[in-house]
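The values are calculated or read from the model by the stated rules, or taken from the named source; none is laboratory data. Keep in mind the model is a prediction, meaning the values are calculated, not measured. When we count neighbours, we look across all protein chains shown, and the Cβ atoms used for this are built from the backbone with ideal geometry, even at glycine. Note: areas computed on protein heavy atoms with side chains; ligands, DNA, RNA excluded. Shrake-Rupley method; radii C 1.70, N 1.55, O 1.52, S 1.80 Å.
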Amino acid sequence: MTQYISVYDTTLRDGTQREGISLSVEDKLKVTMLLDDLGVDYIEGGFPGSNPKDVIYFERVRSLPLKHAKITAFGMTCRAGVAADVDENVLALANAGTSCVTVVGKSWLLHVTEVLRTTPEENWRLIRDTLAYLKGLGREVIYDAEHFFDGYKADSEYALTTLRAALEGGADNITLCDTNGGVMYWELEQIVREVVQALPGVPIGIHTHNDSELGVANTLAGVRGGAQMVQGTINGYGERCGNANLCSIIPDLILKMGYDCLPDGKLAQLSFV
């Protein structure tokens, strides 16, 4: 039986961080319908804790007659020193009303101490408690491990403990993020393979950026390493140099690598714009 790779589209969130792109709520709803018709598994609709437009989108998307995709709301872990059930961003994520949520957290010890200004142990708590709160609401939870590859290369033991904290919180999927877009594909494949070995049976995803022009290559390398979900955007839209381009990744997976990732007959609908 051909292995299935889940497709997670973040055009409506990460993709809109590209300079010159500004989508109205109506635009986002139209794109949502197109992505659903294409057959992607997850559509990350936005960041409800960041702006009112995304809050309106999540209210209106509930009435769309979607046939395939799950709508996902994106947000961060709770703040240091704040309980998850009172944190404003976590509550905004919960109030989006989606069946699935994606939570991003810190994997790199440098960011724990210098960005969050907190302790390694408190970072575990932020991850674990945020996910546990959302799981308690009956949500499917995807955990995005931010700057994972940089964090792993700096301190692999600590980076792995952050993933274990996510599992303790109930994560359904752990996605490893090359947030800087600077990892070489042979490094990335090896690290993904090591994570898969360290966390047997855990569904792993891959999320890459294109700063070294390796977004597509790194995503495919992540699948070779054992990732079962690919995250990216249509046309590679995204901040800085862009995200991994699903318009290349999907046909590469199907035609070159022999995986399934779209419903039958849908590949012909995919084209560059």
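Just a few scattered comments:
- Under 15 Å, Cβ to Cβ, from residue 255 - net charge with Lys/Arg +1 and Asp/Glu -1: -1
- Nearest-10 value in Å² for the accessible area of residue 207, using the 1.4 Å probe: 10 Å²
- When the Gaussian network model of the chain links Cα atoms closer than 10 Å, the mean-square fluctuations of 144, 211, 155 top out at 155.
- With all protein chains modelled, accessible area of residue 156 [1.4 Å, Å²]: 50 Å²
- Loop-located GluC sites (Glu not before Pro) in region 1-78, at most 10 other Cβ atoms within 10 Å (DSSP): 19
- A Gaussian network model of the chain, with springs between Cα atoms under 10 Å, assigns the largest mean-square fluctuation among 123, 180, 210 to 180.
- For region 29-98, the list of trypsin sites (Lys or Arg not before Pro) that fall in a loop by DSSP and count at most 12 other C-beta atoms within 10 angstrom reads 62, 67.
- Dipole axis of the chain (+1 Lys, Arg; -1 Asp, Glu on Cβ), positive-most option in 66, 91, 107: 66
- Candidate residues 108, 124, 186: accessible-area rank, largest first, probe 1.4 Å: 186, 124, 108
- For the options 66, 163, 214, a Gaussian network treatment of the chain with springs between C-alpha atoms closer than 10 Å singles out 66 as fluctuating the most.
- Pairs over the 28 Å Cα-Cα cut-off, from the set 67/106; 67/135; 70/106; 28/266; 53/106: 67/106.
- Where the chain is the region considered: accessible area per residue in Å², 1.4 Å probe: 42 Å²
- Expressed as a whole percent, the accessible area of the chain that falls on carbon and sulfur atoms is 52 (1.4 Å probe).
- Residue 185 contributes about 110 Å² of solvent-accessible surface, heavy atoms of the protein only, 1.4 Å probe.
- For region 146-273, DSSP calls about 10 percent of its internal beta bridges antiparallel.
- Tensor-based shape of the chain (alpha-carbon gyration tensor, a/c under 1.5 rounded, otherwise prolate or oblate): oblate
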